[in-house]
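Trainee: Let me give you the structure first, and then I'll get to my questions.
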Amino acid sequence: MSVQKNDDQSEFVQFWNEVLVPKFVKYKHVLVGGLSQHSEAIFPKLEVNSGDRIVDAGAGFGDTAIMLAERTGDGGHVMATDCCDGFLEYGRREADEKGVKNISFVVADIQRQTFEPVHDMMFSRFGTMFFENPVVAFKNMRTALKPDGRLTMIVWRTMEDNPWLGAAKAVALKHLPPPGEDADTCGPGPFSMAGQDMVTGQLRAAGYDRIEFERVDAPVRMGDSIEDAIAFQLALGPAGEVFREAGELGEQKREQIEADLRNLLEPHVTDDGVVMASSSWVITARNPA
Ligand SMILES: C[S@@+](CC[C@H](N)C(=O)[O-])C[C@H]1O[C@@H](n2cnc3c(N)ncnc32)[C@H](O)[C@@H]1O
């Protein structure tokens, strides 16, 4: 499908709203439950002080924002931001159900939004890799921070370190052409912040200091069953993009692609769904003191 440019929204933000929200909602169990080990690995040691004011950038369904709100307590506050209200409404509902009151859900395109410099921390789990202009977005994120305020973001490492996405894309590319230059996409994509030197340069250019990277290797659970995992791969991520962009040709080859995905994923079926290796960076940086 083609996404029409709307002056109020960038093409990527429009793509997220129109194309990806319904797909993410369908696979919420993978995106919230299946990827959570990357934040669980760092949450116990994440510095969150009672009374902290925090922004969660690209908060999606809001689960990390709610956890941060519970940690910072009644004296603190979390602003969960995302460019898609269709995601945030899940967070609003969950916060209501849990009685979490120190949280707000704000629709914002981080590339166009500046903040009040009253926050102690900016957090993002897999929310920053889609920025068309990362330096502008990182600068905007820094406007939220007090002097010495902390940034923590989780991003994917390379495609090679993430076979759950890379190997599935290779299967799709065995049958289908790569997406063209004019493909409708979510933005630069999941691996755009895998390069340490490049991201260090972007963060420095945006004014941060004390930039550090920590590697986290953790399993991802990409479906309840092999059928669920195959459907997930054809709907989202790099394989899903190849399949979507191929249009009718993709549908014609669906049976062969599904058979090859089944061969790929079968060895990874466990008692707890389909589980594969993945790897992320936890990147921390500071607003200068
Ligand atoms: C892979 S999801 C991660 C969501 C959530 N943080 C999580 O870990 O489940 C990426 C999120 O970034 C949001 N996003 C992408 N570009 C954005 C932008 N320019 N401004 C704000 N949010 C953005 C998307 O809508 C989506 O919710």
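Trainee: At a Cα cut-off below 18 Å, give the aspartates and glutamates reachable from K146, other chains included and same-chain residues fewer than 8 away excluded.
Mentor: Candidates past the 8-residue exclusion: E47, D52, D56, E116, D120, D209.
Trainee: Separate question: Considering only C-alpha atoms, what is the centroid distance from segment 219-288 to segment 50-126, in Å?
Mentor: After rounding, the separation between the Cα centres reads 28 Å.
Trainee: Now a separate question. Could you give the size of the charge dipole of the chain about its Cα centre, using +1 on the Cβ of each K and R and -1 on the Cβ of each D and E, expressed in debye and rounded to the nearest 20?
Mentor: So the magnitude is around 700 debye.
Trainee: Turning to a different aspect of this structure: Which pairs in the list K28/K253; K174/K253; K23/K174 are over 22 Å apart, alpha-carbon to alpha-carbon?
Mentor: With Cα atoms farther than 22 Å apart: K28/K253; K23/K174.
No value in this document is a laboratory result; all are computed from the given coordinates. In this text the structure is predicted, and so the values were computed from the model without any measurement. Don't worry about glycine lacking a Cβ; one is built from the backbone with ideal geometry, like all the others, and counts go over all protein chains shown.
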